[in-house]
Structures are given as structure tokens and as C-alpha cells.
1. I'm told residue 119 meets every condition in (1) touching a residue at least 40 places away in the same chain (Cβ under 8 Å); (2) among the hydrophobic types (A, V, I, L, M, F, W, C); (3) not in a loop (DSSP other than H, G, I, E, B) except one. Can you identify the failing condition by its number?
2. Got at least one residue in segment 9-16 being among the hydrophobic types (A, V, I, L, M, F, W, C) and either surrounded by fewer than 18 Cβ atoms within 10 Å (Cβ to Cβ) or touching a strand residue (DSSP E or B) at 6+ places or on another chain (Cβ under 9 Å) (or both)?
3. For the structure I just gave you, tell me whether residue 208 is under 23 Å from residue 9 (Cα atoms) and assigned to a helix (DSSP H, G or I).
4. Checking the structure you have, find out if any residue of segment 68-91 is in contact (Cβ under 8 Å) with a residue 40 or more places away in the chain, of a type outside the set (Lys, Arg), within 29 Å of residue 159 (Cβ to Cβ) and outside any strand (DSSP E or B).
5. Going by the structure shown, is residue 223 touching a Phe, Trp or Tyr at 6+ places or on another chain (Cβ under 7 Å), in a loop (DSSP other than H, G, I, E, B) and not β-branched (Val, Ile, Thr)?
6. Condition test on residue 96, is it over 24 Å from residue 187 (Cα atoms), touching a helix residue (DSSP H, G or I) at 6+ places or on another chain (Cβ under 7 Å) and among the aliphatic types (A, V, I, L, M)?
7. Considering only residues that are touching a Phe, Trp or Tyr at 6+ places or on another chain (Cβ under 9 Å) and touching a residue at least 24 places away in the same chain (Cβ under 8 Å), look in segment 165-193 and name the one that is farthest from residue 110 (Cα to Cα).
Amino acid sequence: MKSLILAAGYATRLYPLTRDFPKPLLEVGGKTILDRLLADIDTIDAIDEHMIVTNDTFYTYFKAWKLRTHYKKKIILINDGAISNEQRKGAVCDILFVIEKFSLKDDLLVLAGDNVVDFSFKRFVEFAQIKGTSCITCHYEPSIPALQKTGVLVTDNDFKVMAMHEKPEVPPTHWAVPPFYFYKGSDLGLIYKAVASGCGFDAPGHLVAWLCSYADVYAWELPGKRYDIGNMASYEAVNKIFS
């Protein structure tokens, strides 16, 4: 199994802080966002490599960061070639870019590199391995405005995903989907078909919305909190929590 950290965005809502610096390398409570993710997933036995996809603008920052790391599993940095926010590939195409570049057939744990969590992903991987399918994460979100800004799930009683809607005007449920996914190696080939058929490229949730119509996908409820650092206010708030 590989882990894939999506770190190719430009974080324009955090300007000027991230105008010339990648958001995943911002510190939260004295540790970078990226290191907080890796400190956890590096302990998952099934993962043998960590892959981090970024853009050409910030690639050198990640190279410098890698020189200071000491994780058990090998870290591979991938430059997707984008030189501006306007030219970014989008999360779905970055996933496909990495799959093509390395001819991946392994199971893949995909995490957004700009989120902080207070739980471990070990149980998520165990859940996915037991189910034997691609899986996503979810949490109950009472706020309608918040649901209108994220992916929203429709599941059966066993939390099998029946549909997912990206940023729906009228949310069908209160189950929000954060950007943490487990893709079975046998499902990776479907990503080519998803992109070719016009699946949305920017938000990684677009891929799940397409995939659940072609393969079994189950949802795992988060056992704790995730913090999406989208603007300066949320960045300041999460620093207070983890300080």
C-alpha cells in the first residue's frame, strides 16, 4: 500500500501567507501540517512508501523539507509541473498523474495535505481492509451552510455509499465527506475512465461521486475531529487548539 498526500494547491484564501510558501509546510503548534499527517500514517504497517505530489512553484520547498525528515517509510516527491494557480491540474488529475507516472496497482491511501486531525488513520485502513473495497471517510455536520461547501453522502444502513454530491445547494443528508480516501488497487484503473467521462477535476470528492456508481464504496465515520485550514481565521484557531 502507498500513501498519497495531495499538496499541489496554491491556497489563495491564505494569501499573503501562502503566496510564496506551501500550506502543508505551515506550522501548527510547532509542527508542520504535513509532518502531523506523516507522523501518524508512517506507523501503519501496510504502507511501504509515502508519495507527495506538489507543483513546480513549491517543489524546492518540499525538497528542503525532505532533507530534514526521518520517517521509517520512503518518501517520494512528485512535481506535477504546474506553475500557477490558474494552471493547476486539480486533485483528481494529480491522483491520475501519480498513478500513471509510477504505474501504480497498489492500494492507495489518499489524504489532503492541508488538514489537521486529532485521530489516527490506522483504524480507517483497517476498516477498508476488512471491507475489501474502496472507502471514504465522513462525519455528521449539522450546519447546512457548511454542507453546501463540501461533499455530502447518501448511504444505506451499512454505510455503503449510494451517492455523493459535491457542494449541493440542497444537501440530501448531514454526512459530510472530508478529503481522506482509500482506493483499492483494483479500482485505480477506473480513474482513467472517470477522467475521460468528464469527472470533475478540482475537488477529490468528484472522483468518489463518480466511482460509487461503478464500484462498491463504504464510508467510515471519523472518530475525532478534522480541521480544514482554509483561511487565516481557521489557521489561527487551529494553532490555538494544538499549541
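1. It is condition (3) that residue 119 fails.
2. no
3. yes
4. yes
5. So residue 223 fits the description; yes.
6. Working: over 24 Å from residue 187 (Cα atoms): no; touching a helix residue (DSSP H, G or I) at 6+ places or on another chain (Cβ under 7 Å): yes; among the aliphatic types (A, V, I, L, M): yes.
No: the conditions fail for residue 96.
7. Only one residue fits best here, namely 174.
For every residue, the table says whether it meets (1) touching an Asp or Glu at 6+ places or on another chain (Cβ under 8 Å); (2) polar (S, T, N, Q); (3) under 14 Å from residue 115 (Cβ atoms); (4) exposed (fewer than 13 other Cβ atoms within 10 Å of the Cβ).
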| site | (1), (2), (3), (4) |
| --- | --- |
| 139 | yes, no, yes, no |
| 153 | no, no, no, no |
| 164 | no, no, no, no |
| 174 | yes, no, no, no |
| 188 | no, no, no, no |
| 217 | no, no, no, no |
| 221 | no, no, no, yes |
| 238 | no, no, yes, no |
| 243 | no, yes, no, yes |
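The values are calculated or read from the model by the stated rules, or taken from the named source; none is laboratory data. Every value quoted in this text rests on a predicted model; they were computed, and no experiment measured them. Methodologically, a virtual Cβ is constructed for each residue, glycine included, from the backbone with ideal geometry; neighbour enumeration extends over all protein chains shown.
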